[in-house]
Structure formats: structure tokens, C-alpha cells
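Participant: My questions will all concern the structure given below.
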Amino acid sequence: MECADPVFAHDFRRPRASNPAPDWAKAGGSRRKESALFTLARETPADWWEVEALYDLCFAPGREALSSYRLRDDVSPVDGLSLTARDPEGILGGAIRFWPVHVGRHDALLLGPVAVHPTRQGEGLGGLLIQHSLELARDQGWSRVMLVGDAPYYSRFGFEKLDGVEMPPPTNPERVLGYDLVPNAWEGISGKVTRWSKG
Ligand SMILES: CC(C)(COP(=O)(O)OP(=O)(O)OC[C@H]1O[C@@H](n2cnc3c(N)ncnc32)[C@H](O)[C@@H]1OP(=O)(O)O)[C@@H](O)C(=O)NCCC(=O)NCCS
């Protein structure tokens, strides 16, 4: 499968110390080793249902009942920020999407969902998708990003708990995290997170 508009390719064939290659992979010629080169590309409409299937696989059933999905209803993801990661055979290894939201009277990006196929987790692909899309978001002129997620994971990218930013209930406030794309972007920003209304 050809990846439209590739953003860049990343070679995972040099595993991290925390995730050493198993012996069978080190022997060479294994499928895992050969497919460790991932290409990140902007998501296209043709990717939509495959990404949905990946999210269904990676998240608990009923994910669309989460309050964050009410902020996505009838709103398109942000153009050019949602990414897919495919191996050389075109198999989808991970994906990330972003939606625009309002926080009080201010604009922000809502990161997520982000997911990596269970067979590819722990190889750095999630981190790569997050870090690269944050750079793209900065290039697009966005100032701030928020998400609802696990602080122990997202803190490594610089996300911190947001005080006074209210997601639609029920959301655990401890999981509402923010990231500055420009210095002090979240300073003084508070209020309810609402669905994008700028068309
Ligand atoms: C969360 C997810 C996207 C991370 O992708 P990944 O490619 O496995 O992540 P990376 O390889 O970049 O990072 C792996 C590291 O993150 C840690 N990690 C992964 N999920 C974590 C979590 N929920 N909380 C804390 N740490 C977490 C791993 O333990 C590992 O730690 P290490 O670097 O110390 O070994 C992936 O595990 C996934 O798809 N999970 C299911 C869906 C989900 O929960 N999505 C996020 C919510 S929107």
C-alpha cells in the first residue's frame, strides 16, 4: 500500500535498551526486523476506517461513549495533523488524531485518540507519533494542546495537569493535561472545554 504524502520514515531496527530485540529478531531475516521501518504520513480519508479499527482494537469497548468524543461529534479532525504509521508492507502500526476545541474563549488542540497496535507497542512508535505531530501543530500556528490521559505516560513529552480546565463530565480532572507549543500558552487559560464552533 502506498502512503500518501509521507511525513518521514523512522527506522526502529536499532531497538532501545528498554526493549531489546528478541533473539529470533537478532538472527536477521525475521518479519519483525524487516518491518521495523515505519513511514509516518498524514491521514487521508481512505485511512479512516482502518484507523477506527485500530482504535477499536486498542481501546476498551464503548470508547465513543467517553466525554471527549462529545467534543468531536460533527467536527472534523484538524487537517494535516492526524498521522498514520505504516510498515513497509503498508500495515498500520499506529495512528494519532487531533480535534480543535475551545477552552473558555481560547482555541486549543485536543490530542487523541493515539494508539499503537498491541504487537508494536513499546518500540517508541507512540512517542514518535506524539512528538512529530506536536511539531506539525506548532508549525501550523497552534499555541496549546490538551488531552485526557495518563500523566505517567504523557509527562515524558512535557504534558502537565491543567488546573481550571473543565472537560465535559464525567472526566477525572487529574487526567486533564496540557502542553505549551509556545511559551506559557496555558498561563491564565481556564474554563469549560467546548466543541469547536468556528466552522
Ligand atoms: C499509549 C500508547 C499509544 C503508547 O504507545 P507505544 O508505542 O507503546 O509507546 P512508546 O513505545 O512510545 O513508549 C513506551 C513507554 O511508555 C510506557 N507507557 C505506555 N502506556 C503507558 C501508560 N498508560 N501509562 C504509563 N506509561 C505508559 C511504557 O511502559 C513504556 O515505558 P518505558 O519507555 O519506560 O519502557 C500505546 O500503548 C497504546 O496504544 N495503548 C492503548 C491505547 C491508549 O491507551 N492510548 C492512549 C490514550 S489516548
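Participant: Regarding Gly62, is this residue in contact (Cβ under 8 Å) with a residue 60 or more places away in the chain and not polar (S, T, N, Q)?
Facilitator: So Gly62 fails the test.
Participant: Would you tally the residues in region 98-133 being in contact (Cβ under 8 Å) with a residue 12 or more places away in the chain and within 10 Å of the ligand (Cβ to nearest atom)?
Facilitator: So the answer is 19.
Participant: Based on what the data block shows, is Asp79 at pLDDT below 95 and away from the ligand (no atom under 14 Å from the Cβ)?
Facilitator: yes
Participant: From the residues in region 134-153 that are surrounded by fewer than 20 Cβ atoms within 10 Å (Cβ to Cβ) and in a helix (DSSP H, G or I), which one is farthest from the ligand (Cβ to nearest atom)?
Facilitator: The qualifying residue farthest from the ligand (Cβ to nearest atom) is Asp139.
Participant: For the list (1) within 14 Å of the chain's Cα centre (by Cα); (2) in contact (Cβ under 8 Å) with a residue 60 or more places away in the chain; (3) away from the ligand (no atom under 13 Å from the Cβ), I need the number of the one condition that Arg86 fails.
Facilitator: Going through the list (1) within 14 Å of the chain's Cα centre (by Cα); (2) in contact (Cβ under 8 Å) with a residue 60 or more places away in the chain; (3) away from the ligand (no atom under 13 Å from the Cβ), Arg86 breaks only (1).
Participant: Still on this model: Pull out all pairs, ordered by first then second residue, where Cβ-Cβ is under 7 Å, the residues are six or more apart or on different chains, the first lies in region 135-146 and is within 13 Å of Val101 (Cβ to Cβ), and the second is part of a helix (DSSP H, G or I).
Facilitator: Sorted first by the residue in region 135-146, then by its partner, the pairs are Val145/Leu134; Val145/Ala137.
Participant: Filter region 154-168 down to the residues that are of a type in the set (A, V, I, L, M, F, W, C) and either over 17 Å from Ser68 (Cα atoms) or free of Cβ contacts under 8 Å to residues at least 60 places away in the same chain (or both), then identify the one that is farthest from the ligand (Cβ to nearest atom). Step through it out loud before you land on a result.
Facilitator: Just the residues of region 154-168 that are of a type in the set (A, V, I, L, M, F, W, C), to begin with: 157, 159, 162, 165, 167.
Applying the additional criterion that residues be either over 17 Å from Ser68 (Cα atoms) or free of Cβ contacts under 8 Å to residues at least 60 places away in the same chain (or both) yields 157, 159, 162.
Numbers: Phe157: 9, Phe159: 12, Leu162: 16 Å.
My answer is Leu162.
Participant: Quick one: is Glu160 over 21 Å from Thr44 (Cα atoms), surrounded by fewer than 17 Cβ atoms within 10 Å (Cβ to Cβ) and either at pLDDT below 95 or not polar (S, T, N, Q) (or both)?
Facilitator: Answer is yes for this residue.
The values are calculated or read from the model by the stated rules, or taken from the named source; none is laboratory data. These numbers were taken from a predicted model, which means no experiment stands behind them. Ideal geometry is used to build each Cβ from the backbone, glycine not excepted, and the neighbour counts take in all protein chains shown.
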